[in-house]
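Chemist: Pasting a structure here, questions to come.
The values are calculated or read from the model by the stated rules, or taken from the named source; none is laboratory data. Since the structure is predicted, the reported quantities are computational estimates derived from the model, not experimental observations. Positions of Cβ are backbone-derived with ideal geometry, glycine not excepted, and every protein chain shown enters the neighbour counts. Side chains included, ligands, DNA and RNA excluded: accessible areas come from the protein's heavy atoms. Shrake-Rupley method; radii C 1.70, N 1.55, O 1.52, S 1.80 Å.
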Amino acid sequence: MTATPDLWLLPDAIFDGSRLRPGAALGIAQGRSLQIAEAPPPGAPVRRISGILTPGFLDLQVNGGGDALLNNDQSPEALHRMAAAHRRFGTVGILPTVITDAPEVLARAVDATLAAQAEPQPDRSLLGLHIEGPHLSIPRRGTHAPEWVRPFDASTLAHVQLLRAAGLFVKITVAPESTTPQDVARLAGLGAVVSIGHSDATADEVRTLLDAGATCFTHLFNAMSPMLNRAPGVTGACINSSAYAGIICDGIHVADEMVGLAIRARPLPGRMFLVSDAMSTVGGSGHLRLYGRDVWLKDGRLVNAEGSLAGAHVTMAEGLHRLITIVGTPPETALDMAVAAPARLLARPDLASPEHRDAADLLLLAPDWTVNGTVADLLEAQPA
């Protein structure tokens with residue numbers, strides 16, 4: 001039997017996964033959303049809301065949160081803490097990320113991901129696993145420990161096979177310097193998303209991996225060879241490609257002008273997505289340990305002992321707000337980057353739609369594009 005809405009929410013507009021729809025209404029029944037209508041039915045109970053209703057954000061690069069860092073604690077409990085910390089800021093789905101480390105760290109991260117999925121009530125916020133390294137370039141390693149950077153090997157392939165056999169989404173960041181086209185073809189054949197990053201490669205070397213099946217780039221501009229007049233590098237190859245590309249928008253990792261330039265320059269719309277690259281300080285304290293060394297939060301930056309940026313201290317909500325109010329990105333494009341583009345890369349169109357969702361997965365954005373809470377918060381505070 002099809003449920004009938006017992007309440008219609010009427011915000012200023014609804015982001016339906018592809019466009020903002022002013023005047024549209026969303027039917028709610030028993031704490032879940034039903035269908036969108038162009039207007040509430042005559043005589044139906046209506047609650048008007050100032051602002052925008054949108055599906056919650058999806059973050060495909062999350063190292064930690066709530067003082068849990070996956071590289072330090074490879075357990076289902078750490079994954080749940082990370083997801084809960086980011087939910088507080090409107091991110092309803094995360095791709096936990098394990099960076100370059102000892103082989104046993106990656107193995108335990110894979111085991112934790114599989115164990116979390118096998119729980120009686122799996123956490124719907126956990127979307128799979130992002131393996132960022134260890135198959136990277138030493139010159140562009142960033143904060144990744146050089147002693148663990150190594151060429152692609154059978155062990156990593158086996159981990160990806162195990163995750164994919166369990167039906168889990170896998171994104172793996174590699175560099176052309178450490179990965180062959182044959183490696184990429186094998187990974188893509190398993191259904192993993194191969195992302196190019198932490199690389200000092202030439203544009204031609206990048207295009208070889210794209211031809212082999214790579215479909216994404218990791219944090220555009222950061223830890224990649226720059227775009228010069230006669231050497232496009234990884235950066236230029238990314239911007240000119242039809243591949244997906246994540247980007248951090250915190251005003252620190254990438255200049256706001258460059259974020260806007262990249263968005264406008266892409267040949268295909270809808271291939272840029274926002275990431276946080278968040279560390280354990282989001283929803284936690286201002287300090288963490290990485291590779292046994294201190295990393296401190298100073299003036300919004302996470303800096304390690306070498307003086308390098310060590311991940312980010314930013315939320316998707318802050319990134320969206322900056323995209324719209326400072327970078328000048330059109331709101332529909334910014335929402336696509338925070339919601340719909342990640343859902344497309346995940347092959348999860350359901351996560352881009354506000355229909356047939358739990359009320360806790362739907363956000364209410366204030367007119368200034370900050371997060372005002374969830375639909376669940378609204379229903380709990382003002383029951384129908």
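Chemist: Are there any pairs with C-beta distances below 8 angstrom linking a residue in the stretch 111-128 that is open to solvent by less than 40 Å² (accessible area, probe 1.4 Å) to a residue that is in a helix (DSSP H, G or I) and among the small types (Gly, Ala, Ser), with the two at least 6 apart or on different chains, and if so which?
Modeler: Sorted first by the residue in the stretch 111-128, then by its partner, the pairs are Ala112/Ala78; Ser125/Ala83; Ser125/Ala84; Leu126/Ala83; Leu126/Ala116.
Chemist: Suppose we keep only residues that are exposed (fewer than 13 other Cβ atoms within 10 Å of the Cβ) and part of a loop (DSSP other than H, G, I, E, B) within the stretch 254-292. Which one would you say is farthest from the chain's Cα centre (by Cα)?
Modeler: By that ranking, first place goes to Gly292.
Chemist: Turning to a different aspect of this structure: Scan the stretch 19-46 for residues that are open to solvent by less than 60 Å² (accessible area, probe 1.4 Å) and in a strand (DSSP E or B) and report the count.
Modeler: Total satisfying the criteria: 11.
Chemist: Among the residues of the stretch 1-18, write down those that are assigned to a loop (DSSP other than H, G, I, E, B) and either at pLDDT below 95 or not acidic (Asp, Glu) (or both).
Modeler: Met1, Thr2, Ala3, Thr4, Pro5, Asp6, Pro11, Gly17, Ser18 - these are the residues of the stretch 1-18 that are assigned to a loop (DSSP other than H, G, I, E, B) and either at pLDDT below 95 or not acidic (Asp, Glu) (or both).
Chemist: How do the pairs read when you match residues in the stretch 304-321 that are touching a residue at least 60 places away in the same chain (Cβ under 8 Å) with residues anywhere that are aromatic (Phe, Trp, Tyr) and open to solvent by less than 60 Å² (accessible area, probe 1.4 Å), using Cβ under 8 Å and keeping only pairs 6 or more apart or on different chains?
Modeler: Met316/Phe57; Ala317/Phe57; Leu320/Phe57; Leu320/Trp369
Chemist: Of the conditions (1) under 20 Å from the mean Cα position of the chain (by Cα); (2) part of a loop (DSSP other than H, G, I, E, B); (3) acidic (Asp, Glu), Glu332 satisfies every one except a single condition; which number is it?
Modeler: Tallying (1) under 20 Å from the mean Cα position of the chain (by Cα); (2) part of a loop (DSSP other than H, G, I, E, B); (3) acidic (Asp, Glu), Glu332 fails exactly one: (2).
Chemist: Show the residue pairs that are 6+ apart or on different chains and have beta-carbon atoms under 9 Å apart, the first residue being within the stretch 3-18 and touching a residue at least 40 places away in the same chain (Cβ under 8 Å) and open to solvent by less than 20 Å² (accessible area, probe 1.4 Å), the second being among the hydrophobic types (A, V, I, L, M, F, W, C) and in a loop (DSSP other than H, G, I, E, B).
Modeler: Final answer for the pair search is Leu7/Ala44; Leu7/Ala384; Leu9/Ile49; Pro11/Ala24; Pro11/Ile49; Ala13/Ala24; Ile14/Ala24.
Chemist: Mind listing whichever residues of the stretch 173-190 are open to solvent by less than 10 Å² (accessible area, probe 1.4 Å) and under 16 Å from Met224 (Cβ atoms)?
Modeler: The answer is Thr173, Val174, Ala175, Thr179.
Chemist: Also, I was wondering about something else. Out of the residues in the stretch 293-302 that are more than 16 Å from Gly319 (Cα to Cα) and not β-branched (Val, Ile, Thr), state the one that is most open to solvent (accessible area, probe 1.4 Å).
Modeler: For the stretch 293-302, the residue satisfying everything is Asp299.
Chemist: Can you tell me which residue is most open to solvent (accessible area, probe 1.4 Å) among those in the stretch 303-326 that are over 19 Å from the mean Cα position of the chain (by Cα) and either hydroxyl-bearing (Ser, Thr, Tyr) or at pLDDT 95 or above (or both)?
Modeler: Ile326
Chemist: Of all residues in the stretch 327-343, which are out of contact with any Asp or Glu (no Cβ under 9 Å at 6 or more places or on another chain) and open to solvent by 30 Å² or more (accessible area, probe 1.4 Å)?
Modeler: Once the filter is applied, which keeps residues that are out of contact with any Asp or Glu (no Cβ under 9 Å at 6 or more places or on another chain) and open to solvent by 30 Å² or more (accessible area, probe 1.4 Å), the stretch 327-343 yields Pro330, Pro331, Glu332, Thr333.
Chemist: Inside the stretch 223-247, can you point out the residues that are outside any loop (DSSP other than H, G, I, E, B), surrounded by 19 or more Cβ atoms within 10 Å (Cβ to Cβ) and out of contact with any helix residue (DSSP H, G or I) (no Cβ under 7 Å at 6 or more places or on another chain)?
Modeler: Thr235, Cys238, Gly246
Chemist: Continuing with the same structure: Assuming Val194 fulfils every condition listed in (1) assigned to a helix (DSSP H, G or I); (2) free of Cβ contacts under 8 Å to residues at least 40 places away in the same chain; (3) surrounded by 22 or more Cβ atoms within 10 Å (Cβ to Cβ) apart from one, which condition is it?
Modeler: That leaves (1) as the condition not met.
Chemist: Whether any residue in the stretch 141-157 is out of contact with any helix residue (DSSP H, G or I) (no Cβ under 8 Å at 6 or more places or on another chain), of a type in the set (Lys, Arg) and closer than 25 Å to Ala231 by Cβ is what I want to check.
Modeler: Yes - at least one qualifying residue is present in the stretch 141-157.
Chemist: Can we say Thr215 is surrounded by 19 or more Cβ atoms within 10 Å (Cβ to Cβ) and of a type in the set (Ser, Thr, Tyr)?
Modeler: yes
Chemist: Let me ask something additional. Among the residues of the stretch 49-68, which ones are farther than 18 Å from Arg348 by Cβ, touching a strand residue (DSSP E or B) at 6+ places or on another chain (Cβ under 9 Å) and either surrounded by fewer than 24 Cβ atoms within 10 Å (Cβ to Cβ) or among the charged types (D, E, K, R) (or both)?
Modeler: Ile49, Ser50, Gly51, Ile52, Asp67, listed by residue number.
Chemist: Scan the stretch 198-248 for residues that are on the phi > 0 side of the Ramachandran plot and in contact (Cβ under 8 Å) with a residue 60 or more places away in the chain and jot them down.
Modeler: His198, His219, Ala223
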